[in-house]
1. Compactness ratio of the chain: Cα Rg over 2.2 N^0.38 Å, N = residue count?
2. Amide H to amide H under 5 Å from Trp206: which residues, 5+ apart in sequence or cross-chain, H placed 1.01 Å off N in plane?
3. Nearest-5 percent of antiparallel DSSP beta bridges in the chain?
4. Could you derive backbone 3J(HN,Hα) for segment 213-221 from the dihedral phi with the Karplus parameters 6.51, -1.76 and 1.60 (θ = phi - 60°), listing whole Hz in sequence and x where the residue is Gly or Pro?
5. From the phi angles alone, apply the Karplus equation (6.51, -1.76, 1.60; θ = phi - 60°) to segment 310-321 and give each ³J(HN,Hα) in whole Hz, x where the residue is Gly or Pro.
6. Over 21 Å apart: what share of the alpha carbon pairs of segment 361-479 falls there, rounded to a whole percent?
7. Would you mind estimating how fast segment 427-478 diffuses translationally, via Stokes-Einstein at 4 °C and 1.567 mPa s with the Kirkwood radius over Cα pairs, in µm²/s?
8. Which angle from 0 to 90°, rounded to the nearest 10, does the C-alpha axis of helix 427-446 make with the longest principal axis of the chain?
Amino acid sequence: MTEQIEHKIQVFNTLTGKKEDFVPLSGKTVKIYACGPTVYDSSHLGHARKEIVWDTVQRYLRFLGYDVIYVRNITDVDDKIINRAKERGIGPDRLAREYTYAFWRDMDALNVASPDFEPRATEFISQMIAFVQDLIKKGHAYESGGDVYFDVASFKDYGKLGKQNLEQLLVGARDQVIAQETLSQLKKSPVDFALWKSAGTEELGWPSPWGHGRPGWHLECSTMVKHILGDTIDIHSGGEDLVFPHHENEIAQSEALHEKPLAKYWLHNGFIQVSSEKMAKSLGNFKTIQDLLEQYSADTIRIFVLQTHYRNPIDFSPESLAAVKAGLSRLIRAANLSPAGEGNGNHSAVSPDGQKVEKQFRADFEQAMNNDFNTAIAISLLYQLSDHILALKDKQVQERHHLSALLREYAAVLGLKLTDRRKVVDTETSEKLVELLLDMRQKAKTNKDFATADTIRKSLTDIGISVMDTPSGANWEAG
């Protein structure tokens, strides 16, 4: 008998439009596929939200004891990559590598855990070609002029995720700004989408039964899910902008081929907005993750993201991040009242009231997260616990240490480190401190207080700062 985990989690399923009990397909194993980045530019806060949200979801499921297999892909072949590479005068493969490394750096800086698998599109070209061939054989796709298109009319459930029917989609296709004249000669219907796109021999592409070309964007995810996780998975996630057409087309491809659901639950996070407008590169209203990390810690950014429920929009402003930064100090103080690594199992030193606080906190935290991963309430509970810890009297040291460790344990579930850096100074501040000591030394020498001047110099030497007196004043260097 397959082992089950007794936790009643509810998730909002975009497919059904309602909350449902989360029951994995296979015991305590949970297969998750999250759509990752198209690596043609630096990641911004909108990307950070998506990665932080699904990182937190997989962390929480692991915390409950589920065996999670988490897959996040990287799209490293795409028209956006090709066009950006041409602008910069470099090869698309080089551009994709550059921004893949930048994405990894950003995710590490935000304490986003590495997925169990991180496939790149260019690693699955042969599997994608085979996937298309199988769709053609089953009558769901057709070749035309070197391209291959999915025949939307052959899949009766098309539109079920985005809640659109074929007639509505046809009207939308006719209203597109992009001219359809050329495509209409190739496609049976305006809504049919490309599985394989022909390319000139001098362009980026691969050989295929239909000629030199490259895969359509939607194809890669269906193929990766199939080959890494299987025909049907538990959770497919991404930003709400992917519902249509990307995820809709994934469903069509995969379910037409396999005749079974692609995913049991479809979860989507909302946008980050600037003045009620979606944060996006195309609108030029975005802040890169690197820009933000110069001013704010990873914990600040994670709390900013997680203090709003993942399905709701977030209004971005510097003031909102600054408010989180100011409030974070409460958590950091409370979380670092016990030595790092100290456990929280010593109940003998905890009062009945303290044990009640712990029990209630654990129950409330898990109740919040079990309710469609409500990190907003979970974050507020961390603040409540920290305030209780900081209000404890000095004589309640053991209880304070115990609850402090509890705070660290649950903060980590949300990917928060709460590292105490209150006494860590940056390079600029360190340089100013050395200059201040040298100024004090010079004043001591001017006043013929050579003993103080020598003490300052020796103290600096002891910490690795060499002082060199010159006719124009003292110079220094570290090391």
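1. Normalised by 2.2 N^0.38 Å, the Cα Rg of the chain equals 1.22.
2. Amide H neighbours of Trp206, under 5 Å, 5+ apart: Gly213, Arg214.
3. Antiparallel: roughly 55 percent of the beta bridges in the chain.
4. x, 9, x, x, 4, 5, 5, 4, 5
5. 4, 8, 8, x, 10, 8, 8, 7, x, 5, 5, 5
6. When all Cα pairs of segment 361-479 are counted, 60 percent exceed 21 Å.
7. Here the translational diffusion coefficient equals 117 µm²/s.
8. Once rounded, the angle reads 20 degrees.
Taken together, the values in this text are just the output of simple stated rules run on the coordinates, not laboratory data. Just so it is clear, the model here is predicted, and its values are computed rather than measured. Here the Cβ is made from the backbone with ideal geometry for all residues, glycine too, and neighbour counts use every protein chain on show.
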